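Questions regarding the structure given below will be posed in turn.
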Amino acid sequence: MRSFRISAWFSVFLILVGVICTCAQSSEETEVFDLVNRERVKARLQPLEWDDRAANVARNYSRQMAREGFFGHFDRQGLTVIERASKLKWSKIGENLFMGEQVPKFEAFAVKGWMRSTTHRFNILDREWNTTGIGVHHSNNGLIYVTQVFLSK
C-alpha cells in the first residue's frame with residue numbers, strides 16, 4: 001500500500017511539472033532574461049522577476065510582427081504595448097524589440113545591441129521596473145523577433 005501512495009504522489013508530481021513546463025519560458029527567452037538581469041546586477045540594480053502574462057503579451061507580439069512582416073512599437077492598427085497589455089496590472093510599462101537573422105548566440109547579440117542603444121539601455125537599467133516577460137519567435141523567412149515587456153506593478 002505504501003508503494004502505491006508513493007507512486008500516486010509521484011504521478012501527480014509529474015503531471016504538475018508537465019503543466020508548469022508548458023507555461024515556462026523557452027531556453028532562448030530564459031537566456032535573454034538572464035543576460036538582461038546580468039546587466040542590471042552589474043549596474044547594482046535588482047534583477048527583474050519573470051511574469052508569465054507579460055511574456056504572453058511579448059510572445060504574441062513577436063509572432064504578430066513575424067506573421068505580418070513588420071517591425072516596430074506600433075502595430076498595423078497603430079496599437080502600442082499599452083493597448084496590448086491593457087489586461088495586465090501595471091503602473092508603468094515599457095518595451096524593447098529586436099529583429100535579426102539567425103546567428104550563433106543571437107540572444108547575446110540582441111542584448112548587446114540593446115545596451116548600445118541609449119533608449120533600450122535606459123529600459124534595461126530603469127530601477128522602477130520589477131517584472132518582465134520576453135517572447136521570441138522565429139519567422140518562416142529566417143528572421144528572429146524578440147519582444148521584452150517591462151512592468152512596474
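Can you tell me which lysines have their Cα less than 17 Å from the Cα of K42? Leave out same-chain residues fewer than eight positions away.
K112
How big is the accessible area of E39 in square angstrom, nearest 10, if you roll a 1.4 angstrom probe over the protein chains?
Rounded to the nearest 10, that gives 40 Å².
Which whole-number percentage describes the relative contact order of region 41-103, with Cα contacts under 8 Å and a sequence gap of 6 or more?
On the way: 20 pairs, mean separation 17.7, N = 63.
After rounding, I find 28 percent.
Could you give P(r) for region 26-106, binned at 5 Å from zero, as whole percent values over all Cα-Cα pairs?
Going from the shortest bin to the longest, the percentages are 3, 11, 21, 23, 21, 14, 6, 1.
Something else now. I'd like the trypsin sites (Lys or Arg not before Pro) in region 67-111 restricted to DSSP loop residues with at most 16 other Cβ atoms within 10 Å, sorted by number. Write out the running numbers ahead of the final one.
Details: sites: R67, R76, R84, K87, K89, K92, K105; in loops: R76, K87, K89, K105.
The qualifying sites are R76, K87, K89, K105.
To check my understanding: the extent here is largest minus smallest coordinate of the Cα atoms along each principal axis. What are those three numbers for region 62-126, in Å, largest first?
So the three principal-axis extents are 35, 31, 17 Å.
The values are calculated or read from the model by the stated rules, or taken from the named source; none is laboratory data. Note that the structure is predicted; figures quoted are calculated from it, not measured. Note: ideal-geometry Cβ built from the backbone for every residue, glycine included; neighbour counts use all protein chains shown. Side chains included, ligands, DNA and RNA excluded: accessible areas come from the protein's heavy atoms. Shrake-Rupley method; radii C 1.70, N 1.55, O 1.52, S 1.80 Å.
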